[in-house]
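The block underneath contains the structure these notes are about, expressed in structure tokens.
The values are calculated or read from the model by the stated rules, or taken from the named source; none is laboratory data. From a predicted model like this one, the values you see are computed outputs, not experimental measurements. Every residue, glycine as well, gets a Cβ built from its backbone with ideal geometry; the counts of neighbours run over all protein chains shown. To get the accessible areas, we keep the full protein, side chains included, count just its heavy atoms, and leave off ligands, DNA and RNA. Shrake-Rupley method; radii C 1.70, N 1.55, O 1.52, S 1.80 Å.
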Amino acid sequence: FYFLHGFDAEEDLVGSLACMSTKERIKAIQKMPETMRKKREIRNKVLKEISKKSRHRGAQPSCCTQCLQGIAVSFRRFGNTLSDYFHQLRVWHKTLKIIGAEFGTSVLSYFVFLKWLLNFNIFSFLINFSFITIPQFLAAEPNNLSFTGLELFTGAGYFQQTVLYYGFYTNATISKMENGPSYNMQLAYIFTVGIYFVICFLILLLSMAKFFSRNFVNPQAFSVNASKLLCTWDFNITNEKAVKLKQKNLHTQIKEDLTEVSKEVLNFSVSERVLRIGIHLIAWVASLGTAVAACTGVYFLSINNLELFMKGHRNDLQSQTAMLVLPVIVSLLNTFIPFFFSWLGHLENFQTPGQHIYVTITRNIILKMSIVGILCYYWLNVVATSESQCWETLVGQDIYRLVLVDFIFCLLGSFFGEFLRRIIGTTVFVNLGLPEFDIGRNVLDLIYAQTLTWIGILFSPLLPGIQMIAFFIVFFVKKVSLMRNCQPPRKVWRTAQMMTSFILLLFCPSFLGVLSVIGVTVWRLKPSEECGPFRGLPSMYAAVAEWIQILKSYTASKWVVWIYHNLITSELFFFILSSFVLIVTYLYWQIIQGRKTMTKLLREQITN
């Protein structure tokens, strides 16, 4: 009877699947808690049932229909094969699983963020290279400077006359044929950079929304904890290595959840609270004072660096080495001061590792963004008003050197900060043990590097390509250093909101600060007279205004002129748009609050 009942149930299942559409049927079979062999058997039975029904109906498809169906099936199989191939090319996919299993979600969040930035810079490089660099190759003049090798470190010399910098790009309209299509380099340059930053703005907003909904409005947080024990295992896993990796991953997740459940709230006496507050105040005064001192030193050093460059603009070894003084000092400050901040965090003795990481990140972001702010002030108010023939290229070279030296110090930090620390902790001072991976310091290094890349895009369009290569190398260097030199965190804790916090810090103050710098450069500063696509104009934005004046004489382009005057340059439009965004944001906030209340009530009902 049991066998017949199971047979009837399977017949009913096949019949119901045969009545579905192709897309719904595929999803339904994929969601079945069965082995792959069983799923294939069910799929074959469903296909037989469908063909049987079609024969009964007498709806024999025509030759053309059969041919189209065969082509569709072939394309689907080719797409699945291609998808599997690209899935194997994602070399970090397995690495992330291993890191999550061995070191938990806190360390994993750093590598997920690094992978996200790597993909972001690939997208940036493709846009700039396609719309700015490739057209410039058609109008490029031969480079008469000799290549010595020092240019790889200084960014000067031979690279000045290449597509790496703003000053090399032409201000002419590129056309290979007399009556053929033309390419306006001024408009291409400013529109590519402008549209790129708009896309970046939207990507950051959508990413924050996605991670916020996944981590803060998390349905798993309100589910029964026993479900992780009873319903998590994937019975399709048969490979021994995959089984062990899944076991480690599940073990780490359960430890993190148990830490959240058994978290204790410590009660301190009045004297202990006063002492802790005093220690926190002293630590904050020390960290802010260190940041102010570092910014002051960077400002006076940058002024001195410009004077040396203007006095002796030579290509000998001495002047080339002098160019590296500023980026080396800045990288030294950004490398060693965060160690001091980490020591202050240990001295403060926070209750949870999360508090320690977030406070360290806050102090590091104050330090690094202050240094970047001082450098931007130096570039926009000192270099831009200097007697340099092409101040934009000079700024691009400074940013190139900062990015390169920061990358080198990042690699050296993995060697001296983790490898030598492991040697000392295992041979000299055994009580120290293996070091832990410093999440706060490493994340701020990534945000600092990405901020420099965003600022440099206007002055060095290929900078995202350089940063892309740097992030790719950093990913594997940090992975090897983590596996060989570091130990898992002593205090296991769950970091559901970590990725959201990282992108929030990347958006504000990093991205918003970059937008203000780019805005001042485009609207307020006068371009160089002898180089770049905007030479001879009062500002970079003047190229758009001149283009609009030309379009007024064409009847077919009246709608572009109307959009420019009534939308883009209209304060009323942006006021209405901002009001609409605020109203929608408020409505969504109220919806989220209502859903939280409903979720709380449902959770109480489940508990009852």
- prompt: Given the conditions (1) of a type outside the set (A, V, I, L, M); (2) farther than 30 Å from GLU102 by Cβ; (3) free of Cβ contacts under 8 Å to residues at least 24 places away in the same chain; (4) open to solvent by less than 10 Å² (accessible area, probe 1.4 Å), and given that ASN381 satisfies all but one, which numbered condition is not satisfied?
  reply: (4)
query: VAL581 passes all but one of (1) at pLDDT below 85; (2) in a helix (DSSP H, G or I); which number fails?
result: (1)
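Matching residues to (1) surrounded by 15 or more Cβ atoms within 10 Å (Cβ to Cβ); (2) under 28 Å from LEU324 (Cβ atoms):
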residue: PHE111; (1), (2): yes, no
residue: LEU114; (1), (2): yes, yes
residue: LEU118; (1), (2): yes, yes
residue: LEU126; (1), (2): no, no
residue: LEU138; (1), (2): no, no
residue: ASN143; (1), (2): no, yes
residue: ALA156; (1), (2): yes, yes
query: Quick check: is even one residue across segment 389-397 open to solvent by less than 10 Å² (accessible area, probe 1.4 Å), hydroxyl-bearing (Ser, Thr, Tyr) and touching a residue at least 40 places away in the same chain (Cβ under 8 Å)?
result: no
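Taking the conditions exactly as written (surrounded by 15 or more Cβ atoms within 10 Å (Cβ to Cβ), in contact with a Ser or Thr (Cβ under 6 Å, 6 or more places away or on another chain) and at pLDDT below 90), does GLY167 satisfy them or not?
Numbers: surrounded by 15 or more Cβ atoms within 10 Å (Cβ to Cβ): yes; in contact with a Ser or Thr (Cβ under 6 Å, 6 or more places away or on another chain): yes; at pLDDT below 90: yes.
Yes.
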- prompt: If you go through segment 554-575 one residue at a time, do you hit one that is open to solvent by 70 Å² or more (accessible area, probe 1.4 Å) and hydroxyl-bearing (Ser, Thr, Tyr)?
  reply: yes
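Restricting attention to helices (runs of 4 or more DSSP H) lying wholly within segment 404-492, give those where 2 or more residues are of a type in the set (Val, Ile, Thr) and open to solvent by less than 60 Å² (accessible area, probe 1.4 Å).
Working: elements: 420-423, 439-456, 463-485.
Answer list for segment 404-492: 439-456, 463-485.
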query: Out of the residues in segment 267-277 that are under 19 Å from GLY345 (Cα atoms) and either under 37 Å from the mean Cα position of the chain (by Cα) or open to solvent by 90 Å² or more (accessible area, probe 1.4 Å) (or both), which is modelled with the lowest pLDDT?
result: ARG273
field: Every pair of residues 6+ apart whose Cβ atoms lie under 8 Å, when the first sits in segment 134-162 and is modelled with pLDDT of 80 or more and of a type in the set (Asp, Glu) while the second is assigned to a helix (DSSP H, G or I) and open to solvent by less than 40 Å² (accessible area, probe 1.4 Å)
entry: GLU151/GLY157; GLU151/PHE159
So PHE502, is it open to solvent by less than 30 Å² (accessible area, probe 1.4 Å), among the aromatic types (Phe, Trp, Tyr), in contact (Cβ under 8 Å) with a residue 12 or more places away in the chain and touching a Leu at 6+ places or on another chain (Cβ under 9 Å): yes
task: May I ask you to list the residues in segment 20-38 that are surrounded by 11 or more Cβ atoms within 10 Å (Cβ to Cβ) and hydroxyl-bearing (Ser, Thr, Tyr)?
output: THR35
task: Scan segment 329-354 and report the pairs whose first residue is in contact (Cβ under 8 Å) with a residue 12 or more places away in the chain and whose second residue is among the aromatic types (Phe, Trp, Tyr), with Cβ atoms within less than 8 Å and a gap of 6+ or a chain change.
output: SER331/PHE409; LEU332/PHE409; ASN334/PHE409; ASN334/TYR448; THR335/PHE409; THR352/TRP493; PRO353/TRP493; GLY354/TRP493
message: Looking at ILE371, ILE357 in this structure, which one is open to solvent by 20 Å² or more (accessible area, probe 1.4 Å), in a helix (DSSP H, G or I) and touching a residue at least 40 places away in the same chain (Cβ under 8 Å)?
response: ILE357
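Across segment 540-553, which residue is surrounded by the fewest Cβ atoms within 10 Å (Cβ to Cβ) among those that are over 31 Å from the mean Cα position of the chain (by Cα) and farther than 19 Å from TYR183 by Cβ? Working first, answer last.
Taking segment 540-553 first, the residues over 31 Å from the mean Cα position of the chain (by Cα) are 542-543, 545-553.
From what is left, the residues that are farther than 19 Å from TYR183 by Cβ are 542, 545, 549, 552-553.
Numbers: ALA542: 18, ALA545: 13, GLN549: 10, LYS552: 11, SER553: 7.
Result: SER553.
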- line: Among (1) in a loop (DSSP other than H, G, I, E, B); (2) open to solvent by 60 Å² or more (accessible area, probe 1.4 Å), GLY149 falls short only on (2)
